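> Would you mind keeping the following structure in view while I ask a few things?
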Amino acid sequence: MELPTSPTDHTEEENTVEVMASLISSEATAMVKEEIFRKILSEKEKLPTVSMLDFAGQLAYYACHQIYVTPKAFFILVLDMTKKFEDVVSKEKDNQEGSIFSVWTYKDYLKFWITSIKTFGGKKAPLFLVVTHTEKKSKDEIEKYFGEFWKAVPDEDRDWLSESLNDREYAVGLKTLNDNTKEILDLMKKSIVELFTDENNTKVELPSSWALMEQLLYDGGWKVLSLSEIWKLNTSLPHEYQIKSNEEMTKFLRCFHDSGLLLNFEEVELREHVILDIQWLANAFSKIIADENHITKDCKRKLIKEWKSFNKTGELKDKVINALWKDEPSYVKHKNEIMPYMEKLQMLVHLNADEAVSEDGMSWYVPCMNKKQFKADFCEDKWECSSILCYRFTSFAMFVFYRLIAYCISSLRWSVAKDEDNDGCPCLYQTAAVFDHNEHTVVVGICNDDIQLQVLRIKPLTIDKEVSNEIGDSIDKAIEKLTETFIDTKIFHRGYKCQNIICDERDLSFTLASELSKIKAEETQCKCQLKEKHMINVQMTVSFWEKTKMSVSKTPVASGRHELEGRSRFAKLGMATNDVLNQAYRDILEMEVPPSDIEKKAKASAVYKRLRPEQEQLLLDAKHLGYKNFDISLTYTLIRNICSKIPKPTKGKWGEEPAAGEVTVGDDIERIRIIRNSLTAHVRSASTSQTEFDDTWTTMSDICRRLETFTGKKYSDNLNSIYKLTLKDEDALLKKVMSNLQKLMSDMQEVKSDVKKLKQN
């Protein structure tokens, strides 16, 4: 940022800043000012500042999660015990009627907010549970409701949620503030204080100048300030407490932005203004998407027709915004600052930004308001269609989809197609958006938990594979960017559907990209249920999206940064294999054979004759050391030859490569072996392409998830820790991984020989 020049015109807020600065100067001598600042600093040192933000349970706030649902936050989950978890929420709530939320129950909403906390705040985020409307309820009834709450919690979330709550569960009646309610609220306050006293991750050391600047900013009650206004406030402080440089000001704003206390981005159109009240910004958005019962009288009286059009299509005119904000002057006053921030956060997007402004003013698109139905037969016979690239999400698919459509319009600058049969209306629908890009038609849609992508051209034109590759790359990067604030790094899996109709709920086919790329046959049977059984061409299906990426994985990695990144990926895969997957092997072995019995059990088997002396020693040491020194090769050999209770591979034989959809414990044991083998094949180059890394990591994540159910042990957290690892000392780590892999290469001959004999038997 650059220091602002002296403005020629003063806004109302600039005048307010100057008045405040004048008061500081006129009401205190230099000595008194010093005392004032020392008092502020000492108070801030003694009393922690807690910012409380109200989500009000509205789904409108999904777009704001990335701002203030962070690992440094704590969460208060508030439930109304007069509502039953299986009941459908009122259709009028959150303008649901006609939307995807119209059938959501209170249990669905509970799962949504639990997933929000887990995804954006992390599993270690402190949580408070508050049950309200307890008036005239007995203790038994309240206890019964808490029991129903825990039944409604998804099985996979029960353990971490219990740990996050840590017995911070409260029940209150708020219609009257009686002594019992006051006592419970006091207990909550004390618990919050204790939490922030004990939790080191919530403490941030700030320079004195930053603490004083924070005090001035929030005492002023401003919603938005320009950078020049903030610099004016800064000059009102004694020189020793001032922020001294552009660089320090940038760091100050970044610190408070990352903490969720203000908003300031580096983009040219955003960096000159700072949003100081994030709750105020979120409330401005909630007024835009309010239902008919909660819009302003001005909008109901003068623009109800225009509002109903917006309520159906999501297309928002300037004059409708002004009417919706009529009762809150600060929104209209700061409209020029608010709208770019909402667009940056993909809450909405400016339609036709490159075109001249019409008589109705600017036009905006709010994806979550669109209720227009997408016709499943859109891709009829006139189109030449690509295969369908699919991103299968574990949660938040719809909300990522909303933001993705905004991103395609604003960041990718794709042109929204026009429906010529409907007065040229934009082809934007509740579950799909159609774009014109590079002489191709692009459909981005959503069906259940799948975000789908398909490229089309009107026959007899054919699809240019280079164009579809570029489109696929763009969406890959967009989704990666839109999910970068998610704590759960594997919230989706990438895969394919065949050349069928996009967004058709009857089509249940989905093949992981990693599995399809391993199919060596020219054709494989499609999993879809729209047609009679048919085959799909593997290379054709993949080539619309993978041609560039496949060639990259077969090409030697370039020197410099790309080489370093390839080596980093290789090292991470090696760590995950040796530290996580191998531990799963050990746990599986120990489930059937205790370490104290392994030597005796092995000696009674024919496999003992094939073990090397150092492996025999490991069996002997297991009585005292357990299985911690057993490598993958030894553990795999023992599981295969000694363990009789472990579920076998689907094909019934060890040593076979599992097919897609074969997910017994034995199948995953084989997958781990295959992953380790593929790494040893790369030891000489010690590099992995991004595509190969992503596919392998997806397979590893799936294996860990399934084996966690079988063994009762946790692997995913360790896997995610390795994924997030910043490899500062690449060479040292790589040498360690390669040393482990090279040590195992000699074992490979033993394993291959053993597998060959098993196949012959």
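> Considering each residue of segment 136-155, count those that are closer than 20 Å to E86 by Cβ, part of a helix (DSSP H, G or I) and of a type outside the set (S, T, Y), and give that number.
The number of residues fulfilling the criteria is 12.
> In segment 430-440, what count of residues is obtained for those that are open to solvent by 20 Å² or more (accessible area, probe 1.4 Å) and within 13 Å of A417 (Cα to Cα)?
4
> A further question on this structure: Out of all the residues in segment 589-610, which are closer than 12 Å to S644 by Cβ, out of contact with any Ser or Thr (no Cβ under 8 Å at 6 or more places or on another chain) and not aliphatic (A, V, I, L, M)?
Hits for segment 589-610 are K601, S605.
> Name every residue in segment 696-709 that is under 19 Å from the mean Cα position of the chain (by Cα) and open to solvent by 30 Å² or more (accessible area, probe 1.4 Å), in order of residue number.
R705
> Taking segment 112-135 as the search range and keeping residues that are more than 12 Å from P71 (Cα to Cα) and outside any helix (DSSP H, G or I), which one is farthest from the chain's Cα centre (by Cα)?
Residue satisfying both the conditions and the ranking: E135.
> Additional query: What number of residues within segment 156-185 satisfy the criterion of being closer than 28 Å to K72 by Cβ, assigned to a helix (DSSP H, G or I) and either of a type in the set (G, A, S) or open to solvent by 100 Å² or more (accessible area, probe 1.4 Å) (or both)?
The total comes to 5.
> Considering only segment 217-239, how many residues are farther than 21 Å from K333 by Cβ, assigned to a helix (DSSP H, G or I) and of a type in the set (A, V, I, L, M, F, W, C)?
So the answer is 1.
Matching residues to (1) of a type in the set (F, W, Y); (2) open to solvent by less than 40 Å² (accessible area, probe 1.4 Å); (3) closer than 30 Å to F310 by Cα:
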position: A397; (1), (2), (3): no, yes, yes
position: I405; (1), (2), (3): no, yes, yes
position: S411; (1), (2), (3): no, no, yes
position: V443; (1), (2), (3): no, yes, yes
position: L453; (1), (2), (3): no, yes, yes
position: E484; (1), (2), (3): no, no, no
position: I487; (1), (2), (3): no, no, no
position: R494; (1), (2), (3): no, no, no
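> So if I check each of P207, P238, which one is touching an Asp or Glu at 6+ places or on another chain (Cβ under 9 Å), surrounded by 12 or more Cβ atoms within 10 Å (Cβ to Cβ) and free of Cβ contacts under 8 Å to residues at least 24 places away in the same chain?
Selected residue: P207, the only one of P207, P238 that is touching an Asp or Glu at 6+ places or on another chain (Cβ under 9 Å), surrounded by 12 or more Cβ atoms within 10 Å (Cβ to Cβ) and free of Cβ contacts under 8 Å to residues at least 24 places away in the same chain.
> Report, ordered by the first and then the second residue, all pairs with beta carbons closer than 6 Å, sequence separation of six or more or different chains, a first member in segment 332-348 that is in contact (Cβ under 8 Å) with a residue 12 or more places away in the chain, and a second member that is of a type in the set (D, E).
Between residues of segment 332-348 that are in contact (Cβ under 8 Å) with a residue 12 or more places away in the chain and residues that are of a type in the set (D, E), the close pairs are P340/E269.
> Give me a count of the residues in segment 241-260 that are surrounded by 20 or more Cβ atoms within 10 Å (Cβ to Cβ) and part of a loop (DSSP other than H, G, I, E, B).
Matching residues across segment 241-260 total 1.
> Here's a check for you: in segment 618-639, which residue that is part of a helix (DSSP H, G or I) and touching a Pro at 6+ places or on another chain (Cβ under 7 Å) is surrounded by the fewest Cβ atoms within 10 Å (Cβ to Cβ)?
Here the answer is K623.
> Quick one: which residue in K600, K645, K651 is touching a residue at least 12 places away in the same chain (Cβ under 8 Å), basic (K, R), over 30 Å from D473 (Cβ atoms) and open to solvent by 20 Å² or more (accessible area, probe 1.4 Å)?
Values: K600 fails: touching a residue at least 12 places away in the same chain (Cβ under 8 Å); K651 fails: touching a residue at least 12 places away in the same chain (Cβ under 8 Å).
One residue alone meets the criteria, K645.
> Please identify the pairs in which a residue from segment 261-275 that is assigned to a loop (DSSP other than H, G, I, E, B) has its Cβ atom under 8 Å from the Cβ atom of a residue that is at pLDDT 90 or above and β-branched (V, I, T), counting only partners at least 6 apart or on another chain.
L262/V274; L262/I275; N264/V274; N264/I275
> Given the condition touching a Ser or Thr at 6+ places or on another chain (Cβ under 9 Å), surrounded by 18 or more Cβ atoms within 10 Å (Cβ to Cβ) and in contact (Cβ under 8 Å) with a residue 12 or more places away in the chain, answer yes or no: does some residue in segment 279-289 qualify?
Yes: segment 279-289 contains one or more residues that are touching a Ser or Thr at 6+ places or on another chain (Cβ under 9 Å), surrounded by 18 or more Cβ atoms within 10 Å (Cβ to Cβ) and in contact (Cβ under 8 Å) with a residue 12 or more places away in the chain.
> Okay, next question. Could you go through segment 157-175 and let me know if any residue there is under 17 Å from D80 (Cβ atoms), within 28 Å of the chain's Cα centre (by Cα), of a type outside the set (S, T, N, Q) and at pLDDT 90 or above.
Scanning segment 157-175 turns up at least one residue that is under 17 Å from D80 (Cβ atoms), within 28 Å of the chain's Cα centre (by Cα), of a type outside the set (S, T, N, Q) and at pLDDT 90 or above.
The values are calculated or read from the model by the stated rules, or taken from the named source; none is laboratory data. Treat the numbers as computed from the prediction; the structure is a model and nothing was measured. Every residue, glycine as well, gets a Cβ built from its backbone with ideal geometry; the counts of neighbours run over all protein chains shown. Ligands, DNA and RNA are excluded from the accessible area calculation, which covers all protein heavy atoms including side chains. Shrake-Rupley method; radii C 1.70, N 1.55, O 1.52, S 1.80 Å.
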